[in-house]
Amino acid sequence: MAEEGKPAEPGSQPDTSSEQRTQDQARAAKPSSLTADAEKDAQVEAAKARVTAAKEAAAAAPGAPKAPVKKKEEGPKPVDASSHPLVRKLRDKFDAAVIEASEFLGQLSIRIEPSRVVEICDTLKQDPETPFNYLSDLTCAHYPDHREAPFEVIYNLYSISANERVRLKASVNGEGIESVTGVWPSADWPEREVYDLFGVAFHHHPDLRRILLPPDWEGHPLRKDYPLEFVENRWTENHLPEFTDVQKEQLEQRRAYGLEILSASPEREVRELFKSGKEVMPKDK
């Protein structure tokens, strides 16, 4: 047998036992892929077990209490103003004609009977302590759900000398309400505006007619049931050129892109130019 560490002589047989031992040692030093996969699976299972144990421990342990939900702070609300000196003064004279009174952020509002509006307004104007000699505004609100009296005429009064304000409200129906132009002549145009845009009639008004829209216009634009978009009605048929289906579709497309300005009067002028055959923007020759 050849000695270890020396090359085998030519023609001699290799030492098979030495080679077998070398291969066994290499296999022992390098584990097979099958053994490595088994170790990985064991590690994964151990990790899953740790996660499951952690979840069970968290579920069993009492959690930290949640912070209480903070309630939204409520804003100011109207309060009853029956004890207000001005309200008591009016009730002493007109009794049930003063229906209710409320105060909101220092603003006094009094709801009155519409049939007594002229008397109450004249009394407030002639009051020696707080003469409400200035009608700062007269407007209206529409409440379609209030079937019996869907309109609320609102009078904002101001006392110049006393620096006091009061708001009167009167609920009316289609029959209208008495004009207060005899008390404050400045109520002329505000009442005409309410008549024009809401359709509330003011009896004994010196010149009750539309003030913003044409006399033959149909409908009242500030009512809640009035359409927001352009509508074809008798006035448009009489005073504007024919509005074809194609032009209607173009108008709807422009509105979809937020170009409402094109549905105003200049658009009508352009339509007239097209209808007459003129070129809006002549081409360069």
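Brief remarks on what is shown
- Count Lys and Arg as plus one, Asp and Glu as minus one, and take only other residues whose Cβ is under 14 Å from that of Phe202; the net charge is then -4.
- Sequence of Tyr143, Tyr155, Tyr257, Tyr226 from largest to smallest accessible area, 1.4 Å probe: Tyr257, Tyr143, Tyr226, Tyr155
- The residues packed around Ala149, meaning those with a beta-carbon under 12 Å from its beta-carbon, carry a net charge of -2 if Lys and Arg are +1 and Asp and Glu are -1.
- FRET efficiency, 1/(1 + (r/R0)^6) with R0 45 Å, evaluated for Glu73 and Arg255 via beta carbons: 0.65
- Rolling a 1.4 Å probe over the protein heavy atoms leaves Phe94 with an accessible area of roughly 10 Å².
- Low-density loop positions, GluC sites (Glu not before Pro), the stretch 181-243 - DSSP coil, at most 11 other Cβ in 10 Å: Glu218, Glu229, Glu232, Glu242
- Positive minus negative residues near Ala162 (Lys, Arg vs Asp, Glu; Cβ under 12 Å): -2
- The residues of the stretch 35-86 expose on average 93 square angstrom of accessible surface per residue, using a 1.4 Å probe on protein heavy atoms.
- Among the listed pairs Lys89/Lys169; Lys72/Lys224; Lys224/Lys248; Lys125/Lys169; Lys72/Lys169; Lys77/Lys169, those with a Cα-Cα distance over 22 Å are Lys72/Lys224; Lys224/Lys248; Lys72/Lys169.
- Scattering profile of the stretch 200-258 at q = 0.14, 0.27 Å⁻¹ [log10 I(q)/I(0), Debye over alpha-carbon scatterers]: -0.57, -1.23
- Apolar share of the accessible surface for the stretch 121-175: 41 percent from carbon plus sulfur atoms, 1.4 Å probe.
The values are calculated or read from the model by the stated rules, or taken from the named source; none is laboratory data. As the structure is a prediction and not an experimental result, all values here were calculated from the model. All Cβ positions, glycine included, derive from the backbone under ideal geometry; neighbour counts span all protein chains shown. These accessible areas exclude ligands, DNA and RNA; they are computed on the full protein's heavy atoms, side chains included. Shrake-Rupley method; radii C 1.70, N 1.55, O 1.52, S 1.80 Å.
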